[in-house]
1. Taking helices (runs of 4 or more DSSP H) that fall entirely within region 1-113, which contain at least 3 residues that are within 20 Å of residue 139 (Cβ to Cβ) and within 19 Å of the chain's Cα centre (by Cα)?
2. Residue 216 fails exactly one of the following numbered conditions: (1) in contact with a strand residue (DSSP E or B) (Cβ under 8 Å, 6 or more places away or on another chain); (2) surrounded by 17 or more Cβ atoms within 10 Å (Cβ to Cβ); (3) more than 17 Å from residue 101 (Cβ to Cβ); (4) in contact (Cβ under 8 Å) with a residue 40 or more places away in the chain. What is the number of that condition?
3. Return the only residue of 136, 162 being assigned to a helix (DSSP H, G or I), within 16 Å of ligand 2 (Cβ to nearest atom) and either touching a helix residue (DSSP H, G or I) at 6+ places or on another chain (Cβ under 6 Å) or on the phi > 0 side of the Ramachandran plot (or both).
4. Which of the residues spanning region 20-65 are within 15 Å of residue 216 (Cβ to Cβ) and touching a strand residue (DSSP E or B) at 6+ places or on another chain (Cβ under 8 Å)?
5. Which condition number does residue 147 fail, the rest of (1) surrounded by fewer than 14 Cβ atoms within 10 Å (Cβ to Cβ); (2) assigned to a strand (DSSP E or B) being met?
6. Of the residues 161, 167, only one is surrounded by 18 or more Cβ atoms within 10 Å (Cβ to Cβ), farther than 24 Å from residue 39 by Cβ and modelled with pLDDT of 90 or more; which?
Ligand code: CTP
Ligand code: CA
């Protein structure tokens, strides 16, 4: 088995993954969340682990499970908790893959008591959360990589490239929202991978487990370059 261990291409790598949604508290019983299932991140975690990598999986609330011994899971709820766990772990990793659908805003003053009905108007003041990918991009060392995801509804490639630059990513995975069967709450996904030289690779609609293989393959090629 030593022979096969050595054949695994990522056996000397430790990789941070963020996944799932975040929940931002409004009051003791309510939150602002999103429809992210976490499936893409879990699929990438398992695929990396299969290739010998050690995975730190920082996961927002999801019902998903992973049994792979190489996957160490850290459960978080809020964008702030996800930020802390990521910032704490990234320096000890060879790189990170940011698949989480992190809330961009959080309630400024969550209520201590349940908000009652009956108001004529009700609005919640929101404040921006920290950009985890951009924060890791700022502390990224020369020998570390950083991969992001992008979800766009318009000018997809242009916007994805802006994110890649702004967050100091090595490549960005663009999710196609315009195809039925792709993205949130689906078992399939259709992606393009755009690297920091601007070239885009387009992939077919396929199961997220297969998409994970394409992404991990891209990472292996990144290391072989
Ligand atoms: N991301 C992050 N922390 C945040 C917001 C986003 O780490 N607070 C990461 C996501 O995990 C993803 C990438 O940044 O890898 C792009 O996320 P996306 O929501 O598409 O972009 P934003 O930068 O949040 O911009 P916007 O939502 O306004 O398009
Ligand atoms: Ca966002």
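1. Fully inside region 1-113 and qualifying: 79-89.
2. Unmet condition: (1).
3. Of 136, 162, the one residue that is assigned to a helix (DSSP H, G or I), within 16 Å of ligand 2 (Cβ to nearest atom) and either touching a helix residue (DSSP H, G or I) at 6+ places or on another chain (Cβ under 6 Å) or on the phi > 0 side of the Ramachandran plot (or both) is 136.
4. 40, 41, 42, 44, 45, 46, 48, 49, 53, 54, 55, 57
5. Checking residue 147 against (1) surrounded by fewer than 14 Cβ atoms within 10 Å (Cβ to Cβ); (2) assigned to a strand (DSSP E or B), the one that fails is (1).
6. It is 161.
The values are calculated or read from the model by the stated rules, or taken from the named source; none is laboratory data. If you're wondering where the values come from, they're calculated on a predicted model, not measured in any experiment. Please note: Cβ atoms are built from the backbone with ideal geometry, for glycine as well, and neighbour counts cover all protein chains shown.
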